[in-house]
Amino acid sequence: MFLADYRLENWMKEQLVHSLVAKGMGTTTDDLSTMADMVQYRLDLPRVVILFKLEPKINDFATYSLQNLFSDRMRESVLNVIHEAAFFHIDDLSLFYKKNLCILKSVQDAGSARKVKSLTSSIVKRLQLIYPGLNVQVGIGSRAVKPTQICQSYCEAVFALHHPSPNIIRSIDEYNILASYLFEQQYANYDCLALKELKSRFDTIGARYDMQQTIQCLLANNLNISVTASKLYIHRNTLKFRLDKLKEIVGLEPCHYFQHAVLCEIILCMSKHNG
């Protein structure tokens, strides 16, 4: 690809992504559709936003021309690596946006979205193999079902990317990151995609195991198993069974992790708010 063609294509992608992620842009549906058609981007597909922060290692600053990472030629080279990876699908969109490599990954369903983290790992390994002097950090947002939700997935990915986690790949669906995100949002952002997904999994076992009342009682009694079982008039082992199901199906362990207890409380607040 000639650099002039690369610059033009990337500019068109930037305009589209900026319209999708920037609030209050006032872009009409027709304008959005026109921009999407120009870069062969399907607006009807669910997407997950993935952000890669790429920086040269300090000691290897002069190695492999990484000091030119943000030159057009280097960016085009990185994008070619992405496009050639098995991870990348024809319906995915990739570009450099605000200095980060941004991928709008198409995902057909929630199951596919949960696989994104492991797939992203293959991209990281490929980049580090080709560019050994490169530091890579990744932030992953939630699954956006509609174009209007891309903004939320992007904000979640940005937060995850900058979260002080030792992991190279950080996802908003990690409960410590999600809890921190909700704290920053002052607890009341019930529109958070990751939180909605969590509550959806919680609701699948809510009625069957009387989970809402169980968690409410558990939190009210400072996570004390014996006291909670007594208050609910159930055997201690019955309560443990319910909590095991909560861990197995939802992934929450409120008695073991503070962030999980906080998320349980927020889920209960959501139920009251929506009720």
Practice item. Determine whether residue 79 is in contact with a strand residue (DSSP E or B) (Cβ under 8 Å, 6 or more places away or on another chain), at pLDDT below 90 and over 20 Å from residue 16 (Cα atoms). Key: no
Practice item. Out of the residues in the stretch 115-137 that are of a type in the set (Val, Ile, Thr) and within 16 Å of residue 81 (Cα to Cα), state the one that is most open to solvent (accessible area, probe 1.4 Å). Key: 130
**Study point:** Selection from the stretch 178-199 of residues that are closer than 24 Å to residue 244 by Cα and in contact (Cβ under 8 Å) with a residue 60 or more places away in the chain
**Key:** 178, 179, 195, 197, 198, 199
Exercise for review: Among the residues of the stretch 156-196, write down those that are open to solvent by less than 30 Å² (accessible area, probe 1.4 Å), assigned to a helix (DSSP H, G or I) and not charged (D, E, K, R).
Suggested key: 157, 160, 161, 175, 177, 178, 179, 181, 182, 193, 194, 195
Practice item. Please state which of the following conditions residue 161 fails to meet, knowing it meets all the rest: (1) more than 12 Å from residue 52 (Cα to Cα); (2) touching a strand residue (DSSP E or B) at 6+ places or on another chain (Cβ under 7 Å); (3) hydrophobic (A, V, I, L, M, F, W, C). Key: (1)
Practice item. Determine, yes or no, whether residue 142 is open to solvent by less than 30 Å² (accessible area, probe 1.4 Å) and either of a type outside the set (A, V, I, L, M) or at pLDDT below 95 (or both). Key: yes
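The values are calculated or read from the model by the stated rules, or taken from the named source; none is laboratory data. What you are looking at is a predicted structure, and each value in this text was computed from that prediction instead of being measured. Here Cβ is always computed from backbone atoms with ideal geometry, including for glycine, and neighbour counts include all displayed protein chains. Keep in mind that these areas ignore ligands, DNA and RNA; they rest on the heavy atoms of the full protein, side chains included. Shrake-Rupley method; radii C 1.70, N 1.55, O 1.52, S 1.80 Å.
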